[in-house]
1. On the given criteria, is residue 274 closer than 29 Å to residue 367 by Cβ and within 22 Å of the chain's Cα centre (by Cα)?
2. Condition check: open to solvent by less than 40 Å² (accessible area, probe 1.4 Å) and out of contact with any His (no Cβ under 6 Å at 6 or more places or on another chain). Does residue 248 satisfy that?
3. Residues that are touching a helix residue (DSSP H, G or I) at 6+ places or on another chain (Cβ under 8 Å), closer than 20 Å to residue 66 by Cβ and modelled with pLDDT of 95 or more: does the range 216-234 have at least one?
4. Could you please give the count of residues in the range 165-181 that are within 24 Å of residue 123 (Cβ to Cβ), touching a Ser or Thr at 6+ places or on another chain (Cβ under 9 Å) and open to solvent by 20 Å² or more (accessible area, probe 1.4 Å)?
5. Residue by residue through the range 267-276, note down the ones that are open to solvent by 10 Å² or more (accessible area, probe 1.4 Å) and part of a helix (DSSP H, G or I).
6. Filter the range 405-428 down to residues that are over 20 Å from residue 395 (Cβ atoms) and of a type in the set (Gly, Ala, Ser) and give me whichever is farthest from the chain's Cα centre (by Cα).
7. Across the range 145-178, which residue is nearest to residue 228 (Cα to Cα) among those that are among the charged types (D, E, K, R) and part of a strand (DSSP E or B)?
8. Out of the residues in the range 7-37 meeting the condition of being assigned to a loop (DSSP other than H, G, I, E, B) and among the hydrophobic types (A, V, I, L, M, F, W, C), tell me which one is farthest from residue 212 (Cα to Cα).
Amino acid sequence: MEKIRTRYAPSPTGKMHVGNLRSALYEFLIAKHAGGDFMLRIEDTDQERFVDGAIDIIYRTMEKTGLIHDEGPDKDGGYGPYVQSERMKTGIYMKYARELIDKGEAYYCFCDKERLASLKTEVVEGKEISIYDKHCLGLSQEEIQANLEAGKPFVIRQNIPNEGKTTFHDELYGDITVDNSELDDMILIKSDGFPTYNFANVVDDHTMNITHVVRGNEYLSSSPKYVRLYDAFGWQVPVYIHLPLITDENHKKLAKRSGHASFEDLLEQGFVTEAIINYIALLGWSPEDNREIFSLQELIEEFDYRRISKSPAVFDIVKLRWMNGEYIKAMDFDAFFEMAEPCLQAALPGEFDLKKIAAMVKTRIEVFPDIPEMVDFFRELPEYDAAMYTHKKMKTDAASSLEVLKEVLPILEDQEDYSNDALYQALSSYVERKGCKNGYVMWPVRTAVSGKQMTPAGATEIMEILGKEESLRRIRKGIELLRNA
């Protein structure tokens, strides 16, 4: 059986979009699940869109996500060069384009911008494109030679017949047949000598022995042209897997300007790499059971591309936040603290036991930027309304809370040991003597020392962090607030 070889072939045009990362992940999983090879190839033929530093982003992202390539610009596996601009210098694209010309499958086109602008247009997938009329296909060999010798600018176009049909197979969509009359004579070599993305892809995939081509379903409409190129050369067509669209919550294509459209955006928003990869794996693919949490190794073992859906996948930031929270809960504490510490320091400058506070928030946050708002009350008691003391479930109101705070104040003033355990014991003894439920006492105390409806810890844990002096100051302030309510 032929060894499976997949490739991730990004263009260095900026941050790595979620859709590109999913393609890379699926290509990696397909290869690794079958014990095959995963290759990185840089497609930099579109010089106008090239962004400095983008290649570094690609390397950094793949290393961070664990999508380690077996071959690439930095790991020659015998199929290099792995950068298209370097491959172009070998003359490979022009060589194959001329081979197509000799076979009558491509031709030189010398039409200038003015003539091309005068051609009729059609709206395809919402874009207005001009349909080339094969004008230069009729040029004689003498005319072609004269134009070439005169240095007249040219492109090389694919020659697609007007009659007949072209059929190709996709693993998810099955057999797809189109009328050749619907296919335009696409450009293979541009006037600057660079191959187009479409042509370079076909040549590179064949010469690098790629067996499975995985890409977004926006390329479905171009696939018949690719298949015609494979057939023209007499090459084996790779296995095609076209992935479903990723949409936002409004079912519109996830735009690059979206706040969570790229891997780096998500990292900046406090998501952990493993959660991002886990979530992106489920954007279009589902396992046999309803399981949702997977390590990369578990994904390799489970991934079957036949379980990829054709339906658009919705990027649900709420679901990703939940999943990220699950990963944070499962993190080793030291690793968690290393990531949480900058947020804690920014929120709590001064003398605080940040490790204790980190332990409080670890199971309660979904992303690291949740931390400051959760802990800012330690630094300064916020202004709050006396209505917060009323809690139906705890059976508390302003009057009962005032009574409790006045009665626990002398107990807490006399308390020397302000550790959580000692404070809890002191308040529990008071609860016992009063003959009430725990929450009847703890709710007003927690409200007084935090000024918040939701806190990452209970009353006595908060007081341990605040210390005796600050805890008492806040309780006295709570008494004052309730008296004036």
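1. Numbers: closer than 29 Å to residue 367 by Cβ: yes; within 22 Å of the chain's Cα centre (by Cα): yes.
Yes: the conditions hold for residue 274.
2. Working: open to solvent by less than 40 Å² (accessible area, probe 1.4 Å): yes; out of contact with any His (no Cβ under 6 Å at 6 or more places or on another chain): yes.
For residue 248, the condition - open to solvent by less than 40 Å² (accessible area, probe 1.4 Å) and out of contact with any His (no Cβ under 6 Å at 6 or more places or on another chain) - is met.
3. Checked the range 216-234: no residue is touching a helix residue (DSSP H, G or I) at 6+ places or on another chain (Cβ under 8 Å), closer than 20 Å to residue 66 by Cβ and modelled with pLDDT of 95 or more.
4. Counting residues in the range 165-181 that are within 24 Å of residue 123 (Cβ to Cβ), touching a Ser or Thr at 6+ places or on another chain (Cβ under 9 Å) and open to solvent by 20 Å² or more (accessible area, probe 1.4 Å) gives 5.
5. Answer for the range 267-276, where residues must be open to solvent by 10 Å² or more (accessible area, probe 1.4 Å) and part of a helix (DSSP H, G or I): 267, 268, 273, 274.
6. Within the range 405-428, the subset over 20 Å from residue 395 (Cβ atoms) is 409-426.
Add one more test, that the residue is of a type in the set (Gly, Ala, Ser), and what stays is 419, 422, 426.
Working: 419: 43, 422: 47, 426: 50 Å.
Ranking the qualifying residues of the range 405-428, first place goes to 426.
7. Our first condition is that a residue be among the charged types (D, E, K, R); within the range 145-178, this holds for 149, 152, 157, 163, 165, 170-171, 175.
Pick out the ones that are also part of a strand (DSSP E or B) and you get 157, 165, 170, 175.
Numbers: 157: 13, 165: 11, 170: 15, 175: 15 Å.
Filtering the range 145-178 for residues that are among the charged types (D, E, K, R) and part of a strand (DSSP E or B), the one nearest to residue 228 (Cα to Cα) comes out as 165.
8. So in the range 7-37, the residues assigned to a loop (DSSP other than H, G, I, E, B) come out as 9-16, 34-36.
Within this subset, residues satisfying the condition of being among the hydrophobic types (A, V, I, L, M, F, W, C) are 9, 16, 34.
On the way: 9: 13, 16: 22, 34: 12 Å.
Within the range 7-37, the match that is farthest from residue 212 (Cα to Cα) is 16.
The values are calculated or read from the model by the stated rules, or taken from the named source; none is laboratory data. Just so it is clear, the model here is predicted, and its values are computed rather than measured. Positions of Cβ are generated from backbone atoms using ideal geometry, with glycine treated the same way; all protein chains shown enter the neighbour counts. Side chains are part of the model used for accessible areas, which takes the heavy atoms of the whole protein and leaves out ligands, DNA and RNA. Shrake-Rupley method; radii C 1.70, N 1.55, O 1.52, S 1.80 Å.
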